[in-house]
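Only one structure is covered here, and it is reproduced in the block below.
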Amino acid sequence: MQPDFQNKITMDSSDFVVLADYVPGIVQEIRYHSTYNFVGERIDGYEEPVALLTKEAARALKTVANQLNVQGYRLKVFDAYRPATAVKHFVLWGLEDTDIRMKPYFYPDLEKQELFAKGYIAKKSSHSRGSTIDLTLLDMQTGREVDMGSPFDLFSEKSHPDYKDITEEQFANRMTLQNAMTQNGFAPIDCEWWHFTLRDEPFPDVYFDFPVSAEYLRRGHL
């Protein structure tokens, strides 16, 4: 089964950059390059544990990072550009009824087929357009992630940005991240506190499928 991409798909990486080149202090934990994710294995297309974004999104995120640095935070990225190949991997995993090894950690209260119906996993992801990012905050004093009330990729109502059955501090932390992102051109979604897309994204109708690889970008920019 192929993802239903009716828009243009391209391997052209010429408008993409390595995010750390634009935001030198950014912390990266690219989960889909590891086995600790909701699938339980490295995802197709993730050749290096590196965040890639369009130049426009990277510039906007640099402004976000500078604003939050003043408040005592650093940004930590879990995912940025995601190849269409990786989305296909998710879809095929969704069809495999017996593979629920990561259910206790990432979707304890849902059946895996519900993840698509409820919008937690998309068959056509905004990440593949290159201007969407999943991220959180690090406290610069402690060096630890700020408590957001639920971990990244927990597919649950607890992860909805407006979920109220968390502490005031946890909700305030979510709003600190959301406010900084929305003030600098990013739009949130209603089911994941960590997910933001550049409002004026440069490729609203284009989906990319080159690998997540800084080396690939360097070759393409020569």
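The magnitude of the dipole of the chain, with charges of +1 and -1 set on the Cβ of Lys/Arg and Asp/Glu and taken from the Cα centre, is near 460 debye.
Under a 1.4 Å probe, what is the accessible area of the chain per residue, stated in Å²?
Computed with neighbouring chains in place, this is 47 Å² per residue.
Can you give me the convex hull volume of the Cα atoms of the range 1-70, divided per residue and expressed in Å³? Present the calculation step by step, with values, prior to reporting the outcome.
Working: hull volume 9.6 nm³, N = 70.
Hull volume normalised by residue count: 137 Å³.
Here the Gaussian network model covers the chain, with springs between Cα atoms less than 10 Å apart; of 208, 171, 38, 171 fluctuates the most. Hydrophobic long helices, here whole DSSP H runs in the chain with Kyte-Doolittle means of at least 1.0 and Cα atoms spread over 15 Å or more along the helix axis, are found at 84-95. Taking trypsin sites (Lys or Arg not before Pro) as exposed when DSSP calls them loop and at most 14 other C-beta atoms lie within 10 angstrom, the chain has its longest site-free stretch at 1-100.
Placing pseudo-labels 7 Å out from each Cα toward the beta carbon at residue 92 and residue 113 gives an inter-label distance of 2.1 nm. For GluC sites (Glu not before Pro), the sites in the range 41-124 that DSSP calls loop and that have at most 13 other Cβ atoms within 10 Å are 96, 111. Simple rule: put +1 on each Lys or Arg Cβ and -1 on each Asp or Glu Cβ in the chain, find the dipole, and look at 51, 154, 216; the Cα lying farthest toward the positive end is 216.
In a fully extended conformation the segment linking residue 71 and residue 175 would gain 36.1 nm over its present Cα-Cα distance, using 0.36 nm per residue.
When you restrict to C-alpha pairs under 8 Å that are six or more residues apart and normalise by the size of the range 8-87, the relative contact order lands at 40 percent.
The values are calculated or read from the model by the stated rules, or taken from the named source; none is laboratory data. Since we're looking at a predicted model, the values are computed, not measured. Note: ideal-geometry Cβ built from the backbone for every residue, glycine included; neighbour counts use all protein chains shown. Each accessible area value is taken on the protein alone, full model and side chains, heavy atoms only, with ligands, DNA and RNA left out. Shrake-Rupley method; radii C 1.70, N 1.55, O 1.52, S 1.80 Å.
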